[in-house]
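Below you'll find the structure, written out as structure tokens, and then a few comments.
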Amino acid sequence: MTKTVKIEGMMCPHCEAHVRKALEALPGVAKADVSHTAGTAVLDCGDAPDAFAVRQAVEDAGYRFLAMD
């Protein structure tokens with residue numbers, strides 16, 4: 001299953017790495033493909049990740065969570 005997270009505030013590859021590390025630390029998230037140019041993170045996960053946990057991880061990393069599809 002994949003989920004797309006829309007994120008605001010990422011400016012560079014360092015930002016991508018910071019968000020990727022935070023999201024891949026969440027239970028059930030096997031991989032996070034993060035793009036600062038698109039403002040997204042595509043999560044590869046077994047089950048739907050907890051939206052609150054995803055939001056918290058993004059915000060704790062210092063960025064703005066906009067939505068998860």
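Structural remarks
- When a 1.4 Å probe is rolled over the protein heavy atoms, the share of accessible surface on the chain that falls to carbon and sulfur comes to 53 percent.
- Over all other residues within a Cβ to Cβ distance under 14 Å of Gly62, the charged ones net out to 0, with Lys and Arg as +1 and Asp and Glu as -1.
- The residues of the chain expose on average 57 square angstrom of accessible surface per residue, using a 1.4 Å probe on protein heavy atoms.
- Debye log10 I(q)/I(0) at q = 0.24, 0.25 Å⁻¹ for the chain, Cα point scatterers: -0.98, -1.07
- Radius 12 Å from Cβ of Pro27, net charge of other residues (Lys, Arg +1; Asp, Glu -1): -3
The values are calculated or read from the model by the stated rules, or taken from the named source; none is laboratory data. Computed from a predicted model, the values in this text were never measured in an experiment. Here the Cβ is made from the backbone with ideal geometry for all residues, glycine too, and neighbour counts use every protein chain on show. These accessible areas exclude ligands, DNA and RNA; they are computed on the full protein's heavy atoms, side chains included. Shrake-Rupley method; radii C 1.70, N 1.55, O 1.52, S 1.80 Å.
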